[in-house]
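**Student:** My structure is below; once you've seen it, I'll send some questions.
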Amino acid sequence: MADPVTLARPYAKAAFEAAREADALGDWSRMLGVAAAVAGQPAVHSALTDPGRSWQQVAAVFHGLCDGELNGQARNLVSLLAENKRLLLLPQISILFDELKADQERSVDVEFITAFPVSEGAANDLESALKARLQRDIRLSASVDPALIGGAVIRAGDQVIDSSIRGKLAKLAQNMNA
């Protein structure tokens, strides 16, 4: 079986191109987010995979669950996904679409996780340093995870900087076992 991300990529690219041509990247991001949330619900999963339903019935049920949140093109995408039995790929399609959108907008979402709360000034300093290093606009989200023990973890796209105590202890244990 192919990797879900590999299967989702062509759909995400097609949606991205349609959104870019219509100058509606934000609207498409929102619509795909709604569709992904609907597809990710366990109760919906069983309805989408019911072999007793035709793809038209599955698409109609899905359109109804999205409650008017999808425009005509997004509804067509959902119908195409239903016909190809790929509706469960919507969460991956949404993620890939948002990555393409961020690349187009020269921005990146950065997750900053610390063991203890940090000051707004420290978060702003980090944001400025990352903006200079990555040459992109930064959308920083900070959170606290006491399980880190100390230090921080920074996730920017596919880059991860783990300077947490928990991460260092795990690496030490790995080196000792090697």
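The values are calculated or read from the model by the stated rules, or taken from the named source; none is laboratory data. It should be emphasised that the depicted structure is a prediction, and the values quoted were computed from it without experimental measurement. Neighbour counts run over all protein chains shown; Cβ positions are idealised from the backbone, glycine included.
**Student:** Let me confirm something: among ALA142, ALA115, which residue is small (Gly, Ala, Ser), within 17 Å of VAL160 (Cα to Cα) and surrounded by 18 or more Cβ atoms within 10 Å (Cβ to Cβ)? So that I can check it myself, show each step before the final result.
**Tutor:** Values: ALA142 fails: surrounded by 18 or more Cβ atoms within 10 Å (Cβ to Cβ).
Checking each option against the conditions leaves just ALA115.
**Student:** So is SER107 more than 21 Å from LEU32 (Cα to Cα) and either in contact with a Pro (Cβ under 7 Å, 6 or more places away or on another chain) or surrounded by fewer than 17 Cβ atoms within 10 Å (Cβ to Cβ) (or both) or not? Before the answer, list the steps.
**Tutor:** Working: more than 21 Å from LEU32 (Cα to Cα): no; either in contact with a Pro (Cβ under 7 Å, 6 or more places away or on another chain) or surrounded by fewer than 17 Cβ atoms within 10 Å (Cβ to Cβ) (or both): yes.
No, not satisfied.
**Student:** OK, next. Which of the following residues is charged (D, E, K, R) and in contact with a Leu (Cβ under 8 Å, 6 or more places away or on another chain): LYS168, LYS101? I'd like the intermediate steps shown before the answer.
**Tutor:** Working: LYS168 fails: in contact with a Leu (Cβ under 8 Å, 6 or more places away or on another chain).
None of the others qualify; the one that does is LYS101.
**Student:** Give the residues of the stretch 20-60 that are aliphatic (A, V, I, L, M) and modelled with pLDDT under 90, sorted by residue number. Break it down stepwise before answering.
**Tutor:** We begin by selecting, within the stretch 20-60, every residue aliphatic (A, V, I, L, M); these are 22, 24-25, 31-32, 34-39, 43-44, 47-48, 58-60.
Of everything in the stretch 20-60, those that are aliphatic (A, V, I, L, M) and modelled with pLDDT under 90 turn out to be ALA43, VAL44, ALA47, LEU48.
**Student:** Quick one: in the stretch 35-81, of everything that is in a loop (DSSP other than H, G, I, E, B) and in contact (Cβ under 8 Å) with a residue 24 or more places away in the chain, which residue is surrounded by the most Cβ atoms within 10 Å (Cβ to Cβ)? Step through it out loud before you land on a result.
**Tutor:** Start the filter on the stretch 35-81 by keeping residues that are in a loop (DSSP other than H, G, I, E, B), which leaves 40-41, 49-54, 66-71.
Next, from what is left, pick out any that are in contact (Cβ under 8 Å) with a residue 24 or more places away in the chain: 40, 49, 66, 69-71.
Working: GLY40: 13, THR49: 12, CYS66: 18, GLU69: 16, LEU70: 21, ASN71: 14.
Selected residue: LEU70.
**Student:** For the stretch 145-158, what are the residues that are under 24 Å from ARG133 (Cβ atoms) and surrounded by 12 or more Cβ atoms within 10 Å (Cβ to Cβ)? Let's see the steps before the verdict.
**Tutor:** First, pick out the residues of the stretch 145-158 that are under 24 Å from ARG133 (Cβ atoms): 145, 148, 150-158.
Residues satisfying the conditions are ASP145, LEU148, GLY150, GLY151, ALA152, VAL153, ILE154, ARG155, ALA156, GLY157.
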